[in-house]
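Here is the structure we will look at.
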Amino acid sequence: MKRRKRHITLTAVLTAAMLLTGCSGTETTKEKVFLTTGFSENEVFILKDVDAGISMTCLLPEAYVYLANTKCKYEDVYGEGIWGTSVDGISMPENIKDNVIFELSQIKAMNILAGKSGITLNEEEEALVNDCANDYYASLGSWERSKIMVTPEIIEEMYREYALADKLYRSSIQDINPEISDDEARTITVQHVFVKTYTIDEHGDKVDYSSQAKEIAYQKAQMIHELALDGEHDFKDLVLQYSDGNLSDYSFAKDETEPEFEEAAFNLGTDEISDVIQTRYGYHIIKCITTFNREETDLNKIKLSEIQRQEVFGEDYDAYARTLSTYFNDELWDPVTMSDVDGVNSQNFFEIYDNYFYY
């Protein structure tokens, strides 16, 4: 049965939980034990609620599915060069591996909590799990199935666990209904001319202009600002002619853009034009189109409500996750690399789930 699509996916919830805890992988648990013995074949980690006597196991094929899914998506957006970059001194492949373990540990922990809470899938949901598994498994070629060692049973159980974690989240937040005011969610719409003061090097990193090049950019921005105020030039034409950025109208709420840009824009009245504003990216001349975009504000209310629900759930989840114990097979996981999933087109795993599970 297809229903109205919910506003947020479980993947977004897991990402929010990672930001709330400030950790990745299994570091939110009470005990993290590294073992090289005592594991069955292809067991990456075991998560246990010792007091309840409940445990969940993560298998290497499950991690391969998540790893391949993430690899495909990153390459679609950033290209294959992304794997040569790093974040805070950690290579992008290692970051992705950490996030994969984090997401899987979250799913497993949420399944343990669902079991303790008596939450199960109903007959209709089990049927949807089966449909998801059939579609995803059929999307893989025989070589891909062999490469990541998946079977129909593994895929079905992965979707079952994901659906149960999703159901736990929805059950936990169903009575949380934060009231968001128009002022809190207020979204404005602007146009702006952007004169950048940086470039991107061969590694995809931002490199600032020299002081001399920045001064030239500033003089250009000042010239554009004078044209914007002379009464003879249409601002949109100036955007089209001079801007280094997005040429369309830009709608945003508070805390969604650079602080200097936000402050200048929110202090403008309709049709007013800002001074030359500097951010870490360059110089901006902003024209306010509307100080209150009703449609975008209503959408932002939904977004802010979901964020508050995520925060409440994240706090409750984190408190529970810290009571769990994790036994991690680093000998199995450490040698895994991105090349282990090369050529596996696995990026539709979560899209298939969202196509079936509408709420």
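The values are calculated or read from the model by the stated rules, or taken from the named source; none is laboratory data. If you're wondering where the values come from, they're calculated on a predicted model, not measured in any experiment. Positions of Cβ are generated from backbone atoms using ideal geometry, with glycine treated the same way; all protein chains shown enter the neighbour counts.
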Ser117 passes all but one of the listed conditions (1) surrounded by 15 or more Cβ atoms within 10 Å (Cβ to Cβ); (2) at pLDDT below 95; (3) in contact with a helix residue (DSSP H, G or I) (Cβ under 9 Å, 6 or more places away or on another chain); the exception is number (1)
So is Glu315 of a type in the set (D, E, K, R), at pLDDT 90 or above, surrounded by fewer than 16 Cβ atoms within 10 Å (Cβ to Cβ) and in a helix (DSSP H, G or I) or not?
no
Set Ser243, Ser274, Ser248, Ser211: member being touching a Leu at 6+ places or on another chain (Cβ under 7 Å) and among the polar types (S, T, N, Q):
Ser274
Meets criteria (crowded, with 22+ Cβ neighbours inside 10 Å and over 20 Å from Tyr353 (Cβ atoms)) for Lys97:
yes
Residues that are touching a residue at least 24 places away in the same chain (Cβ under 8 Å) and over 25 Å from Glu41 (Cβ atoms): find the helices (runs of 4 or more DSSP H) completely inside segment 81-155 holding 2 or more of those.
92-117, 123-139
Restricting to segment 53-82, name every residue that is among the small types (Gly, Ala, Ser) and in contact with a Ser or Thr (Cβ under 6 Å, 6 or more places away or on another chain).
Ala68
Given the condition surrounded by 18 or more Cβ atoms within 10 Å (Cβ to Cβ) and modelled with pLDDT of 90 or more, answer yes or no: does some residue in segment 170-177 qualify?
no
